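Enquirer: I'd like to ask some things about the structure below.
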Amino acid sequence: MKKILVVQYSQTGQLSKIVDSLCRPLIASRDIEVVIETLRPEKPYPYPWSFFKFLDVFPECVALDPPALSPLTVGGSEEFDLIIIAYQVWFLAPSPPITAFMQSEQARRLLKDRPVITLIGCRNMWSRAQETMKQMLNDTGARLIDNVVLTDQGSWFASFVTTPRWLLSGKKEPFWGFPAAGVSDRDIENCHRFGLAIEEALKHDRERGAAPLLYGLKAVEADISQVQSEKAGHRSFLVWGRLLRLVGKQGDRKRLPVLAVYVVFLILMIITLVPLSVVLKSLLAPLLKERHLKAKTHYEAPSGSGAERMEVFGCGK
Ligand SMILES: Cc1cc2nc3c(=O)[nH]c(=O)nc-3n(C[C@H](O)[C@H](O)[C@H](O)COP(=O)(O)O)c2cc1C
């Protein structure tokens, strides 16, 4: 009998649906026991968010300053054959409940020397957060063997509109030619392929090796131009986040004027620097081909974006 621990937190329920879809084949298997640990912040985050509360959490997100969690159901002394950490990205960092788990004493004990699969459900900017997650996993002595990323449907511009609308109003349905917000139902449903592949790998003890279990299943696709924008965005979040933490604690109205200035700064950056960098990047693209390929391999590791096993596990290419 193999034991899998799944750690998750979800605000709107989207990530829980992704976890359910992936875990369905594992839960159905007679040879596998699945323990799901759902994280609960002592002080729940609001949903839908007010604009101020939404922005006000960013300094603590990027500083990896964790909120208090309600007691976990796992103690820390249990031994799991595989651990799946499902998380969403908040302001280019793992969401605070997951950061809190990663910094807990239980995580330190549970994760040491264990194979870990990270499962991300987010808008489409995840590469910085995953670098942070890799560091946190390293600190606990865990072995990252796979990373699966699901991103919101539609173009970059479409989700730039639909995701904030969803989070600030609770409205997810399509409107004005934009698709529905969030990860598509089809992508969520197709996550069962990962569960099937994990079940198959566990039968052969492959989780004990170093090779990914989920290669060839389109587990992740890294967009390198996005990665570069994330680096710049993360730097700006760090600087402004530090300033905001000097002004007051999370929820303190004194932060409001600084946040207002930051929003104006962000909008100016987006209007001026983003189009400029798009033009520059397309001009330099032929020269940087090799470098981009190397970066793509790095950010897509360990699972990669190959599709060669899609049909084996019930999904067309
Ligand atoms: C405060 C906040 C900040 C977010 N920042 C990002 C981000 O930087 N990158 C990204 O791709 N998605 C971001 N998202 C979207 C989430 O990653 C996620 O897709 C969405 O919140 C739904 O997750 P749920 O399963 O918890 O409901 C953010 C969401 C929230 C609430």
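The values are calculated or read from the model by the stated rules, or taken from the named source; none is laboratory data. These numbers come from a predicted model, not from an experiment. No Cβ is skipped: glycine too gets one built from the backbone with ideal geometry, and neighbour counts run over all protein chains shown.
Enquirer: For the stretch 261-274, state whether one or more residues are within 30 Å of ALA142 (Cα to Cα) and of a type in the set (S, T, N, Q).
Expert: Residues of the stretch 261-274 within 30 Å of ALA142 (Cα to Cα): none.
No, because not a single residue in the stretch 261-274 is within 30 Å of ALA142 (Cα to Cα) and of a type in the set (S, T, N, Q).
Enquirer: Within the stretch 36-62, can you find the residues that are near the ligand (Cβ under 9 Å from one of its atoms), buried (at least 16 other Cβ atoms within 10 Å of the Cβ) and within 25 Å of VAL6 (Cα to Cα)?
Expert: TYR45, CYS61
Enquirer: In addition: Quick check on this structure: which one of LEU137, LEU144, LEU150 is modelled with pLDDT of 95 or more, under 23 Å from SER305 (Cβ atoms), in contact with a Gly (Cβ under 8 Å, 6 or more places away or on another chain) and surrounded by 15 or more Cβ atoms within 10 Å (Cβ to Cβ)? Quick ask: steps written out before the conclusion?
Expert: On the way: LEU137 fails: in contact with a Gly (Cβ under 8 Å, 6 or more places away or on another chain); LEU144 fails: in contact with a Gly (Cβ under 8 Å, 6 or more places away or on another chain).
Just one listed residue meets the conditions, LEU150.
Enquirer: Note down all Cβ pairs under 6 Å where the first residue falls in the stretch 249-262 and is without any contact (Cβ under 8 Å) to a residue 40 or more places away in the chain, the second is among the aliphatic types (A, V, I, L, M), and they're at least six residues apart or on different chains.
Expert: As it stands, the answer is LYS254/VAL247; VAL258/LEU244; VAL258/VAL247, since those pairs meet every condition given.
Enquirer: Follow-up. Would it be correct to say that LYS172 is charged (D, E, K, R) and either away from the ligand (no atom under 13 Å from the Cβ) or surrounded by 22 or more Cβ atoms within 10 Å (Cβ to Cβ) (or both)? Can you show your working first?
Expert: Working: charged (D, E, K, R): yes; either away from the ligand (no atom under 13 Å from the Cβ) or surrounded by 22 or more Cβ atoms within 10 Å (Cβ to Cβ) (or both): no.
No: the conditions fail for LYS172.
Enquirer: Continuing with this model, one more query. What's the number of the only condition in (1) out of contact with any His (no Cβ under 7 Å at 6 or more places or on another chain); (2) touching a residue at least 24 places away in the same chain (Cβ under 8 Å); (3) more than 14 Å from the ligand (Cβ to nearest atom); (4) within 30 Å of LEU293 (Cβ to Cβ) that VAL220 fails to meet?
Expert: Condition (3) is where VAL220 drops out.
Enquirer: Of everything in the stretch 244-295, what is surrounded by 12 or more Cβ atoms within 10 Å (Cβ to Cβ) and hydroxyl-bearing (Ser, Thr, Tyr)? Give them in sequence order.
Expert: TYR262, SER277
Enquirer: Within the stretch 211-225, is there a residue that is more than 21 Å from ASN147 (Cα to Cα), at pLDDT below 95 and surrounded by 16 or more Cβ atoms within 10 Å (Cβ to Cβ)?
Expert: No, every residue in the stretch 211-225 fails to be more than 21 Å from ASN147 (Cα to Cα), at pLDDT below 95 and surrounded by 16 or more Cβ atoms within 10 Å (Cβ to Cβ).
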